[in-house]
2 protein chains.
Amino acid sequence: MDSSDDGELDSAFLALADPVRRRIISRLSRGPATVNELAEPFAITKQAVSKHIQVLEQAQLVTRTRDAQRRPVHLNPARLEALTAWIGQYRLVREEQFRSLDAVLQSNAAARGTQAKESS
Amino acid sequence: MDSSDDGELDSAFLALADPVRRRIISRLSRGPATVNELAEPFAITKQAVSKHIQVLEQAQLVTRTRDAQRRPVHLNPARLEALTAWIGQYRLVREEQFRSLDAVLQSNAAARGTQAKESS
DNA sequence: CCTTTGATCAACCTATTGGTTGTTAACGCT
DNA sequence: AGCGTTAACAACCAATAGGTTGATCAAAGG
């Protein structure tokens, strides 16, 4: 359950680790758009944007349909949910995490006397 | 609001775009651990794991405290929430997205006759 | 038919990533 | 003091990512 869809998470997180691609996602959330439309706000070539879209497509964050010579790009919200699902696992442990952190700090301090933090 | 913390999102998503680092996050959700403990389940050197932790630290997904010569690594759940927050923006638009997608497909089909999808 | 528009493919360059080995620093133990 | 452990730092290497230019393909439209 943790390492089964490693590749999927890899590509999805990697795809979002770029401001251009996040911008594209943001724009697509307002509706489908073509490569040219998506490339317009950026100072890079359309080819570069096309590559970015390929990355998003491989990550299954977007899909493309054919409409004559246009290739509209559509957002695939399901993949975004998969990411929140992964992160959500660890949000659940949050309070427990704080407790255990506290416990460890205290036990360490107790075990070694008063030299807890760095002295400079 | 969208591009203000680009760098932060960059580093955070990039940090999670690696199975080793996600594994580390997963392990840290069960409590703090040292580099050696974190490195144990992996077939790579401790130095490599140390680098991964540096990446996670730069992304502020984890923090480190000093305890003598040990440097326990702790999860920082706040950063994870920042990611879900970003993704959440677009989850909100989901139903609207589906509507607009539908609208575009229909308008396209109507505008060009019946040659909607690819033929083969 | 030929041109324009939309988008991809291919080759190439540079910077960064993930990994290695080797060395060095801080601390604990006896 | 000297040894072993924990972890970081530095230099290096192979692979990949992001970007460019130039050529090509496919569909619309004169």
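Shown for the range A:74-89: residues covered by the partner protein chains by 30 Å² or more of accessible area relative to the chain by itself (probe radius 1.4 Å), namely A:His74, A:Leu75, A:Pro77, A:Leu80, A:Glu81, A:Thr84, A:Trp86, A:Ile87.
Summed over both chains, the area buried between A and B is near 4300 Å², taken from the accessible surface of protein heavy atoms with a 1.4 Å probe.
Across the accessible surface of the range A:1-90, with the other protein chains kept in place and a 1.4 Å probe, carbon and sulfur atoms take up 47 percent. Shielding of peptide A:25-31 by partners, expressed as the average count of other chain Cβ atoms within 10 Å per residue Cβ, is 5.
For A:Ala33, the residues whose modelled amide H falls within less than 5 Å of its own, excluding neighbours fewer than 5 places apart on the same chain, are A:Val73. Calculated accessible area for the range A:41-94 comes out at 53 Å² per residue, all protein chains present (probe 1.4 Å; ligands, DNA, RNA ignored).
Give me the net charge of A:Val35's neighbourhood, meaning all other residues with Cβ under 11 Å from the Cβ of A:Val35; Lys, Arg count +1, Asp, Glu -1. Kindly include the intermediate steps, with their values, before the conclusion.
Details: positive: A:Lys46, A:Lys51, A:Arg64, A:Arg70, A:Arg71; negative: A:Glu37, A:Glu40.
Cβ neighbours under 11 Å give a net charge of +3.
Per-residue mean of foreign Cβ neighbours for B:8-14 is 4 (Cβ atoms of other chains, 10 Å radius).
Between copies, the label points at A:Glu40 (set 7 angstrom from Cα along Cα-to-Cβ) are spaced 5.7 nm, reported in nanometres from shortest to longest. For B:Val62, the amide hydrogen comes within under 5 Å of the amide hydrogens of B:Glu57, B:Asn76, counting only partners 5 or more places away or on other chains and with H modelled in the peptide plane.
The values are calculated or read from the model by the stated rules, or taken from the named source; none is laboratory data. Quantities reported herein were computed from a predicted structural model and do not represent experimental measurements. Glycine gets a Cβ as well: all are built from the backbone with ideal geometry, and neighbour counts include every protein chain shown. We work out accessible area using only protein heavy atoms, side chains counted, and drop any ligands, DNA or RNA first. Shrake-Rupley method; radii C 1.70, N 1.55, O 1.52, S 1.80 Å.
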